[in-house]
Amino acid sequence: MRLSLWSKSSLRQAARSFEIRSKSNEGGKWFYKGVIKHSYFEKDDEKHFIERSIDRDLNEYHERIVKIATGEVMREVHEPLTSHTGRGSAKTKKTEN
């Protein structure tokens, strides 16, 4: 198994995001991805803390989004990965007529 780590930050600030991916030694697609990051959400002009894990082997998707200012949980999802549709790259593509 091979692990890859990423951390995005500037010289003035502590790391704002952390991502881990794992692959088999033979290569191919990653089978686990975890993300922990701060994110600015324009719709409500708030900063959010995001935790997300995707496990292809165990067919699991977990996500938790919390407003930093209030601690309010905005979204919490625990579901099979195969049921996770309609968001991000799993959105239905709009076609032009």
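The values are calculated or read from the model by the stated rules, or taken from the named source; none is laboratory data. Small disclaimer: the values here were computed from a predicted structure and weren't measured. Virtual Cβ from ideal backbone geometry, glycine too; neighbours counted across all protein chains shown.
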| query | Any idea how many residues of segment 39-53 are in a strand (DSSP E or B) and either under 15 Å from Arg75 (Cβ atoms) or in contact (Cβ under 8 Å) with a residue 40 or more places away in the chain (or both)? | reply | 10
| Of all residues in segment 65-84, which are without any contact (Cβ under 8 Å) to a residue 24 or more places away in the chain, outside any loop (DSSP other than H, G, I, E, B) and closer than 24 Å to Lys23 by Cα? | His78, Glu79, Pro80, Thr82, Ser83
| said: Looking only at segment 20-38, filter to residues that are of a type in the set (Phe, Trp, Tyr) and either part of a loop (DSSP other than H, G, I, E, B) or at pLDDT 85 or above (or both); which one of those is nearest to Ile68 (Cα to Cα)? | reply: Tyr32
| said: Conditions first: (1) surrounded by 14 or more Cβ atoms within 10 Å (Cβ to Cβ); (2) modelled with pLDDT of 90 or more; (3) within 13 Å of the chain's Cα centre (by Cα); (4) of a type outside the set (A, V, I, L, M, F, W, C). Ser17 passes all but one, so which condition is the exception? | reply: (2)
